[in-house]
1. I'd like the full set of residues that are buried (at least 16 other Cβ atoms within 10 Å of the Cβ) and at pLDDT 85 or above, limited to region 418-429.
2. Looking at region 409-431 only, could you name the residues that are within 24 Å of the chain's Cα centre (by Cα) and closer than 16 Å to Val447 by Cα?
3. In this structure, is Asn214 modelled with pLDDT under 90, in contact with a Phe, Trp or Tyr (Cβ under 6 Å, 6 or more places away or on another chain) and open to solvent by 50 Å² or more (accessible area, probe 1.4 Å)?
4. For residues that are under 23 Å from Met427 (Cα atoms) and without any contact (Cβ under 8 Å) to a residue 12 or more places away in the chain, tally how many sit in region 383-399.
5. Looking at (1) surrounded by fewer than 16 Cβ atoms within 10 Å (Cβ to Cβ); (2) touching a Ser or Thr at 6+ places or on another chain (Cβ under 7 Å); (3) touching a residue at least 12 places away in the same chain (Cβ under 8 Å), find the lone condition where Asn333 falls short.
6. Of all residues in region 432-447, how many are at pLDDT below 85 and buried (at least 18 other Cβ atoms within 10 Å of the Cβ)?
7. Is it the case that some residue within region 127-135 is at pLDDT 75 or above, open to solvent by 50 Å² or more (accessible area, probe 1.4 Å) and closer than 20 Å to Asn198 by Cα?
8. Which of the residues spanning region 148-172 are out of contact with any helix residue (DSSP H, G or I) (no Cβ under 7 Å at 6 or more places or on another chain) and not hydrophobic (A, V, I, L, M, F, W, C)?
Amino acid sequence: MTLLYIYLTIFTVYLLVLAVTTIKPSRKFRDKYTPKDANLCVVVYATGETNTLENLLKQLKHQNYPKQNYTIYTILDKCENISEVTLQSDLNVNVININNLEPVGKSQAYSIIAERLQDVQDLEAYVFLDSKNYVDADFLANVNFYLTKYQVFNPMVNYLPENDKLSFWENVKSAYSMFISSFVYKTRTRLGLTNIINTDSFVIKKDLLNRIANFDFKDLISEVNYTLKLAEEGVKVAYVEDLKVYESIINHSFRIPSLSKRLGLCWNNITQVKELASKEFLLSMTAPNWLVIVLGYFVLLNHASRFPFFVDSITILVTALMLFIALCIGLMNSKLYSKEYLYLLAYPIHSIGRMSYNFPLFRSIRNIIKNTTRKHVIETMTTNIIVSDGVNDFPCQLEMISDDGLARVTFINKGKKYTTKNNHIRMVDAVRELTTKLADHGLVLKVCQCCKYYQPLVDGSTNMVKGCCKCNFEGRTPGDIIPTLIWNTCPKFEEHNVVNLF
């Protein structure tokens with residue numbers, strides 16, 4: 001009980017600090033003049049159905065920003081209803097079409113762009129947008145201004161109705177998200193604290209991206225980890241209320257991981273991070289939701305009234321009242337409309353329904369039903385390879401398996417089979433797992449991926465299996481490109497343990 005009271009008290013003090021900060025109005029920048037127009041690369045990521053992609057591209061092409069100072073790249077990650085030819089016909093849009101069995105995801109797509117443009121000297125910042133977003137005509141002009149203040153920042157997300165107007169529960173979700181953005185994210189930025197990065201729309205300077213390394217955006221937890229990585233480098237993710245993007249309310253997702261995941265993340269990383277900003281961010285992620293707060297104070301009051309406790313019931317009530325006052329101050333300064341305050345009152349009902357829907361038992365039942373009704377798409381290909389123990393070469397076989405877009409490999413030697421334990425997005429990673437396993441037994445997989453002359457072609461086209469050979473063998477024409485695949489073998493093989501994919 002003592003730990004529970006300390007936990008709630010710390011959170012109460014945290015909210016009070018945020019609430020007091022909101023009392024003083026933030027400074028408004030009336031004149032957003034900057035002496036220089038930065039060169040920007042706008043990257044639009046699209047996957048699945050892309051009904052809003054063409055609208056977003058039109059808005060980006062008609063920005064109140066010098067045309068020569070920004071370029072547009074569109075990544076089509078297994079898109080279903082957009083024509084690459086149509087986009088390629090527009091000279092103002094650079095198109096990268098990825099036709100894997102399954103989408104490769106934002107991480108690999110963004111990394112492809114970062115690799116391609118790494119050596120571009122005059123590029124200063126990337127603007128990453130999901131195709132579901134809409135932007136104003138002065139969006140890039142505002143980005144240019146805030147680049148003088150921040151190295152990484154997220155714009156404010158406004159939610160639009162899919163039809164004529166929002167439904168009741170859509171209004172509830174929109175009001176709650178606006179409250180969190182206006183109260184928590186904006187205030188943390190004013191205090192010089194970092195916010196969780198939103199991979200649907202964010203801006204990052206190019207030199208910082210090159211220094212931090214590649215993206216790894218799989219879920220909300222991976223976004224938290226990337227935010228921690230930035231904080232360890234002394235970089236804080238800002239939230240800019242004056243920079244807006246818009247998206248349909250049906251695409252809305254609550255960008256806060258569950259409390260259990262956040263507590264586990266803090267427990268696993270709090271001793272590993274070194275910077276004070278990283279520790280503060282981790283601790284802020286453990287903030288309880290409203291249901292934990294209500295149940296926590298109820299349990300504390302019941303315990304203090306029945307058993308000896310180091311604080312009495314009055315002190316607990318005072319702490320709860322302070323928390324209530326902090327929330328009220330935050331509500332008054334969040335600048336919501338009157339109706340939105342009323343919609344916030346219905347949020348607990350929506351929250352209970354969402355928690356019930358995601359309850360582990362119900363989620364497991366849904367997954368069982370989904371897996372039994374879904375048809376698996378499995379593709380295999382077998383090729384001959386060579387394995388060496390340092391003295392002799394042994395002919396073996398390698399079977400590459402794609403199961404619903406996830407890759408694994410099977411190693412076959414004299415009828416015996418070994419299949420990699422993990423599923424991977426890329427086939428190269430599955431081959432790397434097998435290579436590591438064979439190395440534990442003193443064996444070398446003599447395929448191109450393990451050869452020091454192999455250079456992968458980072459184009460996202462065929463699950464990262466293509467590459468080219470850089471071996472300067474006798475008779476080779478200087479400058480020619482010899483295509484190869486990761487499972488090929490040749491007599492010029494020389495082992496190389498590290499292969500840089502990006």
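1. Of everything in region 418-429, just one residue is buried (at least 16 other Cβ atoms within 10 Å of the Cβ) and at pLDDT 85 or above, namely Thr420.
2. Result: Met427, Val428, Asp429, Ala430.
3. yes
4. Looking only at that region, the number is 1.
5. (1)
6. Residues in region 432-447 being at pLDDT below 85 and buried (at least 18 other Cβ atoms within 10 Å of the Cβ): 1 in total.
7. Yes: one or more hits.
8. Answer for region 148-172, where residues must be out of contact with any helix residue (DSSP H, G or I) (no Cβ under 7 Å at 6 or more places or on another chain) and not hydrophobic (A, V, I, L, M, F, W, C): Thr148, Lys149, Tyr150, Asn154, Pro155, Asn158, Asn163, Asp164, Lys165, Ser167.
The values are calculated or read from the model by the stated rules, or taken from the named source; none is laboratory data. Note that the structure is predicted; figures quoted are calculated from it, not measured. Every residue, glycine among them, receives a Cβ derived from its backbone with ideal geometry; neighbour counts consider all protein chains shown. Areas reflect the complete protein model, heavy atoms only, side chains present, ligands, DNA and RNA absent. Shrake-Rupley method; radii C 1.70, N 1.55, O 1.52, S 1.80 Å.
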